[in-house]
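Here the structure comes first, spelled out in structure tokens, and everything after it is commentary.
A short reminder: the numbers here are calculations on the coordinates, not readings from a lab. Since the structure is predicted, the reported quantities are computational estimates derived from the model, not experimental observations. No Cβ is skipped: glycine too gets one built from the backbone with ideal geometry, and neighbour counts run over all protein chains shown.
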Amino acid sequence: MSNGSVVAVVAAVAGIALLGALAFGAMGTTVESSVPGPVPATFDGPPADGSHGIVLGSYQSKSGFGLFGLTIGRSRWEASIALVPPKGCAVSDGALPAGGACAGAVASGRVSGGGTTAEGLEFVIVSTEVSEGCHEALQPYERWPSGQPACGE
């Protein structure tokens, strides 16, 4: 193999490695949040009867990768909802399921936190998928299910 061929092979391998590093570095997930500031002084948490939840915020996560201005992937919009689960409903594998004993819950999804209401009942915070329009319309500390027309889909 001539010196020119060796240089061409090395340059091609280096170029492919550089392109791979750029593509790998561009992959990932970004999150844009619309979470409010401090909790208002009158926030008592979700109602003990579980009749509705409280919207704590919403966010958009983008996953996939981008290269030279082209993005391949998808966006997902979610709302964080605080709620008191129905009696007998238990978190399973980090999520509040939509069926079984939890069928009466006002939201289901990945559990991202929790706490205790003013009455001493435990509540959970679930991340539930919403539409882009609902994400844009939701207001922090409003009731869930939301009365926003965009959230009625």
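Here are some notes:
- 3J(HN,Hα) along region 127-135: 9, 10, 6, 10, 6, 4, x, 5, 3 Hz, from the Karplus curve 6.51 cos²θ - 1.76 cosθ + 1.60 with θ = phi - 60°, whole Hz, x for Gly and Pro.
- Distant-in-sequence amide H partners of Ser58 (H built 1.01 Å from N, under 5 Å): Ser34, Val35, Ser80
- Anisotropy class of region 48-112 from Cα gyration tensor, a/c 1.5 cut: prolate
- Two-decimal ratio, region 97-151, of alpha-carbon radius of gyration to 2.2 N^0.38 Å: 1.25
- Amide H contacts of Trp144 (H built 1.01 Å from N, under 5 Å, at least 5 apart or other chain): Gly53, Ile54, Val55
- Proximal charge balance of Val126 [Cβ under 10 Å; K/R count +1, D/E count -1]: 0
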